[in-house]
(Lines give C-alpha, C1' and ligand atoms only; values in the text may rest on other atoms or scores of the structure.)
Protein backbone atom coordinates (compact mmCIF):
# COMPACT_ATOMS: atom_id res chain seq x y z
CA UNK A 1 0.00 0.00 0.00
CA UNK A 2 1.48 3.39 -0.96
CA UNK A 3 2.56 5.65 1.89
CA UNK A 4 0.75 8.65 0.40
CA UNK A 5 -2.60 6.89 0.17
CA UNK A 6 -5.57 9.13 0.87
CA UNK A 7 -8.57 8.01 2.86
CA UNK A 8 -11.63 7.38 0.74
CA UNK A 9 -13.53 10.63 1.33
CA UNK A 10 -10.73 13.03 0.34
CA UNK A 11 -9.76 10.73 -2.54
CA UNK A 12 -13.37 10.70 -3.74
CA UNK A 13 -13.61 14.50 -3.48
CA UNK A 14 -10.49 14.78 -5.65
CA UNK A 15 -12.01 12.45 -8.24
CA UNK A 16 -15.27 14.43 -8.35
CA UNK A 17 -13.46 17.78 -8.59
CA UNK A 18 -11.18 16.49 -11.37
CA UNK A 19 -14.15 15.98 -13.75
CA UNK A 20 -12.19 13.13 -15.38
CA UNK A 21 -14.76 10.38 -14.84
CA UNK A 22 -17.93 10.69 -16.93
CA UNK A 23 -21.05 10.80 -14.74
CA UNK A 24 -19.16 11.36 -11.47
CA UNK A 25 -20.22 14.83 -10.41
CA UNK A 26 -21.52 17.13 -7.74
CA UNK A 27 -25.30 17.34 -7.78
CA UNK A 28 -25.10 20.11 -5.17
CA UNK A 29 -21.57 20.96 -4.08
CA UNK A 30 -22.66 23.27 -1.26
CA UNK A 31 -24.69 20.46 0.32
CA UNK A 32 -21.95 17.93 -0.60
CA UNK A 33 -24.35 15.79 -2.66
CA UNK A 34 -22.78 13.84 -5.53
CA UNK A 35 -23.64 11.09 -7.96
CA UNK A 36 -21.66 8.07 -9.08
CA UNK A 37 -22.36 6.28 -12.38
CA UNK A 38 -23.51 2.77 -11.50
CA UNK A 39 -24.33 0.87 -14.68
CA UNK A 40 -24.90 -2.84 -14.16
CA UNK A 41 -22.34 -5.10 -15.84
CA UNK A 42 -25.02 -7.02 -17.72
CA UNK A 43 -26.36 -3.88 -19.44
CA UNK A 44 -26.00 -4.00 -23.23
CA UNK A 45 -24.09 -0.69 -23.34
CA UNK A 46 -21.70 -1.61 -20.51
CA UNK A 47 -18.06 -0.77 -21.29
CA UNK A 48 -15.09 -1.90 -19.16
CA UNK A 49 -13.04 1.22 -19.85
CA UNK A 50 -15.85 3.73 -19.25
CA UNK A 51 -18.15 2.15 -16.67
CA UNK A 52 -15.54 0.88 -14.22
CA UNK A 53 -13.07 3.77 -14.28
CA UNK A 54 -13.86 5.03 -10.77
CA UNK A 55 -13.81 1.53 -9.29
CA UNK A 56 -10.57 0.67 -11.10
CA UNK A 57 -8.91 3.88 -9.88
CA UNK A 58 -9.89 3.05 -6.29
CA UNK A 59 -8.47 -0.49 -6.69
CA UNK A 60 -5.21 0.96 -8.03
CA UNK A 61 -5.09 3.58 -5.27
CA UNK A 62 -5.56 0.94 -2.56
CA UNK A 63 -3.07 -1.45 -4.13
CA UNK A 64 -5.73 -4.08 -4.86
CA UNK A 65 -5.08 -3.92 -8.60
CA UNK A 66 -1.85 -3.47 -10.52
CA UNK A 67 -2.44 -2.83 -14.24
CA UNK A 68 -0.28 -4.99 -16.45
CA UNK A 69 0.37 -7.47 -13.64
CA UNK A 70 -3.16 -8.71 -13.03
CA UNK A 71 -6.26 -9.36 -15.11
CA UNK A 72 -8.97 -6.72 -14.78
CA UNK A 73 -11.71 -7.77 -12.37
CA UNK A 74 -14.43 -5.09 -12.46
CA UNK A 75 -16.86 -7.07 -10.28
CA UNK A 76 -14.35 -7.16 -7.44
CA UNK A 77 -13.41 -3.50 -7.95
CA UNK A 78 -17.04 -2.42 -7.77
CA UNK A 79 -17.78 -4.62 -4.77
CA UNK A 80 -14.72 -3.38 -2.87
CA UNK A 81 -15.58 0.24 -3.69
CA UNK A 82 -19.21 -0.21 -2.59
CA UNK A 83 -18.19 -1.87 0.68
CA UNK A 84 -15.61 0.84 1.43
CA UNK A 85 -18.10 3.60 0.64
CA UNK A 86 -20.88 2.02 2.71
CA UNK A 87 -18.56 1.62 5.68
CA UNK A 88 -17.87 5.37 5.88
CA UNK A 89 -19.77 6.97 8.75
CA UNK A 90 -19.84 10.39 7.09
CA UNK A 91 -21.27 9.43 3.68
CA UNK A 92 -24.86 8.26 3.22
CA UNK A 93 -26.80 7.24 0.14
CA UNK A 94 -29.72 9.45 -0.88
CA UNK A 95 -31.85 6.50 -1.96
CA UNK A 96 -34.80 8.45 -3.34
CA UNK A 97 -32.48 10.17 -5.87
CA UNK A 98 -30.74 6.98 -7.01
CA UNK A 99 -31.63 5.42 -10.39
CA UNK A 100 -30.69 1.74 -10.42
CA UNK A 101 -31.78 0.68 -13.91
CA UNK A 102 -31.20 1.76 -17.46
CA UNK A 103 -28.33 3.18 -19.46
CA UNK A 104 -28.01 6.17 -17.10
CA UNK A 105 -27.99 4.28 -13.77
CA UNK A 106 -26.33 6.13 -10.89
CA UNK A 107 -26.28 6.37 -7.12
CA UNK A 108 -26.53 9.61 -5.18
CA UNK A 109 -24.67 10.18 -1.91
CA UNK A 110 -24.27 12.96 0.61
CA UNK A 111 -21.12 13.76 2.54
CA UNK A 112 -22.13 14.63 6.08
CA UNK A 113 -20.41 17.31 8.09
CA UNK A 114 -17.99 15.75 10.53
CA UNK A 115 -20.17 16.60 13.54
CA UNK A 116 -23.21 14.74 12.07
CA UNK A 117 -21.68 11.34 11.40
CA UNK A 118 -21.83 9.95 14.94
CA UNK A 119 -24.57 7.43 14.15
CA UNK A 120 -24.99 6.87 10.43
CA UNK A 121 -28.13 4.80 11.02
CA UNK A 122 -29.94 7.78 12.49
CA UNK A 123 -29.17 10.12 9.59
CA UNK A 124 -32.12 10.24 7.18
CA UNK A 125 -31.66 12.12 3.94
CA UNK A 126 -34.89 12.83 2.05
CA UNK A 127 -33.90 15.64 -0.33
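The values are calculated or read from the model by the stated rules, or taken from the named source; none is laboratory data. Not measured: the values here are computed from a predicted model. So basically every Cβ, Gly included, is an ideal-geometry build from the backbone, and we count neighbours across all protein chains shown.
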request  = Could you grab me the full set of residues in the stretch 1-38 that are free of Cβ contacts under 8 Å to residues at least 60 places away in the same chain, under 15 Å from residue 88 (Cβ atoms) and touching a strand residue (DSSP E or B) at 6+ places or on another chain (Cβ under 6 Å)?
outcome  = 16
Residue 43 being surrounded by 13 or more Cβ atoms within 10 Å (Cβ to Cβ) and at pLDDT 95 or above = no
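Matching residues to (1) in contact (Cβ under 8 Å) with a residue 40 or more places away in the chain; (2) crowded, with 16+ Cβ neighbours inside 10 Å:
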position	(1), (2)
63	yes, no
68	no, no
81	no, yes
85	yes, yes
96	no, no
key: Enumeration of residues in the stretch 65-89 that are assigned to a loop (DSSP other than H, G, I, E, B) and within 18 Å of residue 51 (Cα to Cα)   = 65, 71, 72, 73
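Among the residues of the stretch 46-53, are any assigned to a helix (DSSP H, G or I) and at pLDDT 95 or above?
Checking the stretch 46-53: not a single residue is assigned to a helix (DSSP H, G or I) and at pLDDT 95 or above.
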task = Take the stretch 14-32 and flag every residue that is buried (at least 18 other Cβ atoms within 10 Å of the Cβ) and not in a loop (DSSP other than H, G, I, E, B).
result = 15, 16
